[in-house]
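Presented below is the structure to which this report refers.
Values in this text are rule-based calculations from the coordinates and carry no lab data. Computed from a predicted structure; not experimentally measured. Because the Cβ atoms are built from the backbone with ideal geometry, glycine has one as well, and the counts that use them run over all protein chains shown.
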Ligand code: KG4
Ligand code: ZN
């Protein structure tokens, strides 16, 4: 609690002791400075992320400059099971967290003493996995006497894009932003804006988020992973489908997405869908991806493709060195399979695109941010960019390295919280179902 109260006073103290460097000011720094008390805010935040199957640590200066960004992926471990095994993930995080943080400090060329705050993912994610990062971050915070900042993983994905836009010294996007966070565990649309006034930021939080759309069943990345598995391809499925889809005809199989309508009770009032916690009354921007997965399964069954799927699965098991996009992997797919893959991706990207742009229009968004693992998808980027250009709406994506889980995004999202003195209590725990913003 004493640590929480340090707030801006703590920041000011650091400024006096000269911990912050006084280098180049990005537009964001200036914005932060003008929104805050006198003095420069250019601190170092150590971010730690362990919500799923990546143990990651990064040091970011002033929410903009990533001095290091280390990710230890467990992908190969979980690939044998076709998905993340929570117990194995926790064990790997335990093994990795100390060396990963050490590596991040070394690469950044700074000592733990120079870090101004420790930021950590508090949710959503796997409980055991989150706990490893949180426990270590709390120990560091306590031992070093530095504030602790809890970050929502989804917020991190959004800030990965904003951080990189600042690195490119681009004009900041105007608010409100519409953020599509699309990953293996999440498909959400958020209306997001930074509160301008520091007093308000301190009271209500630095950023305001409103969840205006979400998946009611599978996440988009989950659909990629499941469909890849159905087709005998590797894990995670996204990169396999992305690269193989380029070789197929996206119009061969016309998959359709049903409209997700709010469920309405007899008296006409919207009622809560089991998985969709809140239903919009004025048009739904929700998603559903379990239908297309079932449609792909049906297609495989009715078109006699099971034998070729099995043969492919065996061949890839024998040749783990055949990577997504390699000619060897492509040679395992006949025309019908390549067309099915391309058609699946065309439909999924089309659905994400339609919902995102409709929501952007509905809420008067001034910019669009697409983030999360699926934002690495090449067709998604191309079609979103083309549509945004057509509409004159700025759109931004993270670099490929920051699309998937990392800790630089956690440190970046923590920066405005640091400035606003939004620190976590010593009782910070893992919240596996943590939500971002209200509906
Ligand atoms: O953000 P992320 O690393 O972890 C979660 O928070 O879930 O996202 C992982 C997801 C996986 O489902 C993976 O298949 C998907 O992102 N993915 C892709 C691509 N690269 C990764 N999906 C489509 N195209 C890609 N190129
Ligand atoms: Zn993620």
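Quick rundown of the values:
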| item | result |
| --- | --- |
| Pairwise FRET efficiency - residue 95 versus residue 249, Cβ, R0 = 56 Å, nearest 0.05 | 0.80 |
| At R0 = 30 Å, FRET efficiency that the Cβ-Cβ distance of residue 106 and residue 168 yields, to 0.05 | 0.70 |
| Spatial separation of Cα centroids for the range 342-407 and the range 142-217, in angstrom | 16 |
| Difference of contour (0.36 nm per residue) and Cα-Cα distance, residue 75 to residue 427 | 123.6 nm |
| log₁₀ of I(q)/I(0) at q = 0.10, 0.13, 0.15 Å⁻¹ - the range 35-168, Debye sum with one point per alpha carbon | -0.32, -0.54, -0.71 |
| Unit Cα scatterers, Debye sum, the range 168-266: log10 I(q)/I(0) for q = 0.17 Å⁻¹ | -0.97 |
| Relative contact order %, the range 49-192, counting alpha carbon pairs below 8 Å whose residues are six or more apart | 23 |
| When the convex hull of its Cα atoms is projected in every direction, mean area for the range 50-108 (nm²) | 4.2 |
| Debye log10 I(q)/I(0) for the range 292-376, one point scatterer per Cα, at q = 0.15, 0.21, 0.23, 0.26 Å⁻¹ | -0.74, -1.07, -1.17, -1.30 |
| Taking the range 42-120 and dividing mean pair separation by its residue count, relative contact order in percent (alpha carbons under 8 Å, at least six apart) | 40 |
| Full-extension gain in nm, residue 311 to residue 294, via 0.36 nm per residue minus C-alpha separation | 4.0 nm |
| Per-residue Cβ neighbour rank within 10 angstrom, fewest leading, 346, 299 | 299, 346 |
